Amino acid sequence: MPDGSSAAKPRFRLAIVGGGIAGLTLAVTLGRYEQSNSPIQVDLYESGPEITTVGAGISVWPRTWAVMRALGLYDQLASEAVKEAGAKEGVLQTGFVFRKSDQPQEGYEWGRIMIPSGSTTMHRAEMVDVLMRNLPSSCSIHTSKRLVKYTDSGICYTLHFADGTKATADVIVGADGIKSKTRAAMYDYAHQAECTKKVMNVRREDCERCKKATPKWTGTIAYRYLIPAEKLREINPDHKALEIVAPMSHVITYPISHGKFLNLVAFVTIPNAEGTTYPHKWVIDAKKEEVLSAYSGWEPEVDQMLSCAEKPTIWAIHVIEDLPYTVHDRVAIMGDAVHAMTTHFGAGGGQAIEDAYVLGRWLADPRTSLSRVPDVLHIYQDVRLPFARKVVRDASKVGLMYEFNCPGLYDGSPISASSKEEGEELLKKQIAELYEGIRDLWRWQWQEKVEDQWDEVERQYLKIMSNVRSGKTRRKDGWKMCLVM
């Protein structure tokens, strides 16, 4: 017979837009910290016909491992990872190695970054599989739901999908990538409500502030493909497959899928192209001959890797720089929708995971009623947005260093010296300065703790709760005024 009990009524309905790493991590975090007597109705909307991923390899650094431990996913994820042989937890290991290869003769190593526990890599699909296995049963997944826009009735939100269907929610979190429709709708609302009151008929794309919501081409393209490890081993059993650096171009390769494949990303920066409009689709097929031509004259090990190219693609690298805000009322965005960045830190996925963890923990907290959601979202923005924007800027800067193209540091030019010995010493000095600059920019990955951000979120939340109890007015929602140039 029924015991008379009934399921607790959800505090609010949450729509997650996007089933990538950010959206899945948010759903997992909500399930991990949600209390059964204070649930949230969670609906995840994925644009594709199934939950999948774009791209191949992903790096997992110490900050991300800290989140995975908190979510109880460390062992599952570690079983899918490729780590340096003999790597020990917390002990300094080789993170990656720099090798100069833009020369016909054999190249040479010029730098080695040491990181606690070393470098960890895996296939993105393997991380997605781990997250999928840990989704809470309370999360409903809806596929083939490509968001077009959302509208605000003043009471709840309506999500409009490309297939003509609609859904309603009390809270929206957009995890829908660099081309985020959630971000576009948020900034359309802001622009219409605030900017056009100052300057009539100004387009959002022309506002000094609002135009930052439009992705910018970095002027860099990347050739990407997977190399079967056995195929490269047949060509050269002693191939180093390390990171290689050269003027205006560099190649990164690392193992994934338990060492069965090497993920190769070969960058080419086009002079004076940054900020211009990329003339093609952002991802297109490439010809093997095109890849070989881009790296003509490089050392034999590069030729060997490029000779393994099968079905290479070209990716135009776009970024979101200095986004002014990520929250409006009960709508927030995260992941690449906020801080799409160059891949030079291997940090895009990790930063999305941190967004989801920080936001998800407080949304799951039973003290977060629907009326307090705007406060929680603003705290998330205050803590995460400045940090993520700095990572975006530093990723671009370190990429210039990789290509010997950073002002004030070694640029690959011939060194003027009175003797060969003096020239070699000057080169070593300049390379050492470059290496120190790169290492300094990388330190945040292991020296700054994601737990510190969580502590700051908690401090701000408790302060707001104290203000509410004392009768102080909650801060008003809003965005800064847009400027027109």
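Structural remarks
- Phi angles of the stretch 36-47 translate, via the Karplus equation with coefficients 6.51, -1.76, 1.60 and θ = phi - 60°, into HN-Hα couplings of 4, 8, 9, x, 10, 7, 10, 10, 10, 10, 10, 5 Hz per residue; Gly and Pro are given as x.
- Seen against the Cα atoms of the chain and their longest principal axis, helix 124-133 is set at about 30 degrees.
- Per-residue Cβ neighbour rank within 10 angstrom, fewest leading, M114, M68: M114, M68
- Cα long-axis angle, helix 21-33 against the chain (0 to 90 degrees, to the nearest 10): 50 degrees
- In the chain, helical runs assigned H by DSSP with n ≥ 4 each contribute -39500 (n - 2.57); averaged across all residues and rounded to the nearest 500, the mean residue ellipticity at 222 nm is -10500 deg cm²/dmol.
- Across the alpha-carbon set of the chain, the Rg to Rh ratio works out to 0.99, Rh being the Kirkwood radius.
- Summarising the strand pairing of the chain, around 75 percent of its internal DSSP beta bridges are antiparallel.
- Unsatisfied cross-links (Cα-Cα over 24 Å) in the set K390/K449; K179/K463; K181/K216: K179/K463
- To the nearest ten degrees, helix 348-364 and the longest principal axis of the Cα atoms of the chain are 20 degrees apart.
- Reach of K145 by Cα under 17 Å, taken over aspartates and glutamates that are not fewer than 8 positions away in the same chain: D43, E46, E50, D163, D176
- Among the listed pairs K231/K288; K100/K288; K231/K281, those whose Cα-Cα separation exceeds 25 Å are K231/K281.
- The GluC sites (Glu not before Pro) of the stretch 293-385 that meet both conditions, a loop assignment by DSSP and at most 10 other Cβ atoms within 10 Å of the site Cβ, are E310.
Quick note: the coordinates plus some simple rules give every number you see, no bench work behind them. Model, not experiment: these values are computed from the prediction. All Cβ positions, glycine included, derive from the backbone under ideal geometry; neighbour counts span all protein chains shown.
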